[in-house]
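Bear in mind that the values in this text are calculations on the coordinates, not laboratory data. Just so it is clear, the model here is predicted, and its values are computed rather than measured. Neighbour counts run over all protein chains shown; Cβ positions are idealised from the backbone, glycine included.
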Ligand SMILES: [Zn+2]
């Protein structure tokens, strides 16, 4: 379903940015790469059979067997990395008139749904009917894609006013990164996608028939469309070559299953790449991303950016930062970084976006007070209704980004 050449071309671009080294500090490079693997990438200390850090460079193997036979899958020489320097504009903003002048920022509003019907197809909505609980005077309905778009448009304006060059992966309610709605995609591209999936043996002829004739929208979205659309988001972001990427989501309490009642919990957290297991290195494109994350400073910068943003979430939104015991996925699926509220998690976007990034999970939509605040829509930006709480979330991202670039 994914095209490894897209990953390859992205990586090649990345490597051509580096100049040949005059003086190679091999010892420092080796220790930096090992530190990154230990701190961010190797979740259960089981990745050693897949790589080698030698005096010449870093080698990645497809399996332990290939390593024992000395048959490398990928290799990068220290000389290609040593002269890597941070982008000049990102370090010189103090001399600019505007605080973010020339900084390129990609914003990815998570999900796409603009209303509850689309929210149900992508399974990102909250609906608490008034008669399901005592003492609530109205139905409660939230659609995550609507909230994230409101935040992204609010944040875009603030960043542009501060001089940044901003791109969004999608701009309107129900619009996807493929440039159309899910329903339009189904009409125009779905059949062709199914045919190509059969051709590359990702699905059988019988499965194609099932998806064409029997599968409902939720299943088509989950099984076929979601990953294609996420890849498209990453392609758009990587082609824009941003200094940072901001991926915007709202959280829910994982233990409040079905979200038919309120929770009293409320936390903020952020994700960056990493947290990989041996099973995450099976495909060639996954090993390329592992090599990229180990040998560039994308993860170091992501931790700093995410640390600044999550601190800003907590102080502006007045919501505590989640510790690793607060959710099972933090304890079981993530590496806890030294920075509070920043977790390494091998999500599709934290892996295939080739820039420093913050994947923000602000507050729990199913928290009693948050739900009320998020539904009180008294403003509008570019045709999208917003609440004061959504605008506050935009401000929290903005202040975190300013802090990151002012250091
Ligand atoms: Zn989300």
Please compute P(r) over all alpha-carbon pairs of segment 288-407, binned at 5 Å starting from zero, and give each bin as a whole-number percent. 2, 10, 18, 20, 19, 16, 9, 4, 2, 0
For segment 260-346, just say rounded, prolate or oblate: build the C-alpha gyration tensor, square-root its eigenvalues into a ≥ b ≥ c, call rounded for a/c under 1.5, and beyond that prolate if a/b exceeds b/c, oblate if not. oblate
Residue 375 label point, 7 Å along Cα→Cβ, cut-off 15 Å on backbone N: hits in segment 97-122? 116
Using only DSSP helix segments of four residues or longer, with each worth -39500 (n - 2.57), what per-residue ellipticity at 222 nm results for the chain after dividing by its residue count and rounding to 500? -12500 deg cm²/dmol
Per residue, the convex hull enclosing the Cα atoms of the chain spans a volume in Å³ of 149 Å³
For the chain, what is the relative contact order in percent, using Cα pairs closer than 8 Å and at least 6 residues apart in sequence? 22 percent
Longest principal axis of the chain (C-alpha) makes with the long axis of helix 388-406 (C-alpha) an angle, in degrees to the nearest 10, of 20 degrees
Stretch residue 368-residue 28 to full length: gain in nm at 0.36 nm per residue minus the Cα-Cα span? 117.4 nm
Quarter of the Cα convex hull surface for segment 235-304, i.e. its orientation-mean projected area (nm²): 7.2 nm²
Helix 190-199 versus the longest principal axis of the chain: what angle, 0 to 90°, nearest 10, using Cα atoms? 30 degrees
In whole angstrom, note down how far apart the Cα centers of segment 106-183 and segment 199-250 are. 18 Å
Between residue 323 and residue 226, how many nm apart are label points set 7 Å from Cα along the C-beta direction? 3.1 nm
For the chain, share of DSSP beta bridges that run antiparallel, in % to the nearest 5: 50 percent
Take the alpha carbon atoms of segment 377-403, find their center, do the same for segment 51-78, and report the distance between the two centers in whole angstrom. 46 Å
Helix 298-317 vs. the chain, principal-axis angle (Cα, 0 to 90°, nearest 10): 30 degrees
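Using a/c under 1.5 as the rounded threshold, could you call segment 161-276 rounded, prolate or oblate? The axes a ≥ b ≥ c are square roots of the C-alpha gyration tensor eigenvalues, and prolate needs a/b larger than b/c, oblate otherwise.
Numbers: a/c = 2.02, a/b = 1.30, b/c = 1.56.
Oblate is the answer for segment 161-276, as a/c is 1.5 or above yet b/c matches or exceeds a/b.
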Need the full-extension length gain, residue 198 to residue 44, defined as separation in residues times 0.36 nm minus the C-alpha distance. One decimal, nm. 51.9 nm
Where labels lie 7 Å past Cα in the beta-carbon direction, separation of residue 56 and residue 382 in nm: 4.9 nm
Ranked by GNM mean-square fluctuation in the chain (Cα springs under 10 Å), the top entry among 347, 100, 209 is 209
